[in-house]
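Written below as structure tokens is the structure these notes are about.
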Amino acid sequence: MQITPKTLHLMQQVLRCIVYVGIAHTAFEVMTIWQTPEISHLWYFGIAVPGLYYLVPAIVLTIVIAVASKK
């Protein structure tokens, strides 16, 4: 499978977007949980759940980019 440099650049931009949105979503969840006294004991939920939503696609895309860059 051939991946053109233009497609590789687009994949890198998508990866960057996933990372930034993931960091922002995680920060939002942590702040929301921190400001809500009823659920403040669930601080790990604010980090784990959004982190998994964005961590798995970011890792997969990083591997694909690394493999495509080697060729």
Right, Ile33: in contact with a Phe, Trp or Tyr (Cβ under 8 Å, 6 or more places away or on another chain) and surrounded by 12 or more Cβ atoms within 10 Å (Cβ to Cβ) or not? yes
When (1) open to solvent by 60 Å² or more (accessible area, probe 1.4 Å); (2) modelled with pLDDT of 85 or more are applied to His25, the one that fails is (1)
Quick test for you: out of Ile59, Ile39, pick the one residue that is out of contact with any His (no Cβ under 9 Å at 6 or more places or on another chain) and open to solvent by less than 70 Å² (accessible area, probe 1.4 Å). Ile39
Complete set of residues in the stretch 3-45 that are part of a helix (DSSP H, G or I), β-branched (Val, Ile, Thr) and either in contact (Cβ under 8 Å) with a residue 60 or more places away in the chain or over 16 Å from Ile59 (Cα atoms) (or both): Thr7, Thr26, Val30, Thr32, Ile33, Ile39
Can you list residue pairs whose Cβ atoms sit under 8 Å apart, with the first residue in the stretch 57-71 being within 12 Å of Thr7 (Cα to Cα) and the second being open to solvent by 70 Å² or more (accessible area, probe 1.4 Å)? Count only pairs 6 or more apart in sequence or on different chains. Ile65/Gln12
Please enumerate the residues belonging to the stretch 3-13 that are open to solvent by less than 70 Å² (accessible area, probe 1.4 Å) and either within 20 Å of Leu55 (Cα to Cα) or in contact with a strand residue (DSSP E or B) (Cβ under 7 Å, 6 or more places away or on another chain) (or both). Leu8, Met11
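The values are calculated or read from the model by the stated rules, or taken from the named source; none is laboratory data. Remember, predicted model here, so these are calculated numbers, not experimental data. When we count neighbours, we look across all protein chains shown, and the Cβ atoms used for this are built from the backbone with ideal geometry, even at glycine. In case anyone asks, the SASA skips ligands and DNA or RNA and just uses the protein heavy atoms, side chains included. Shrake-Rupley method; radii C 1.70, N 1.55, O 1.52, S 1.80 Å.
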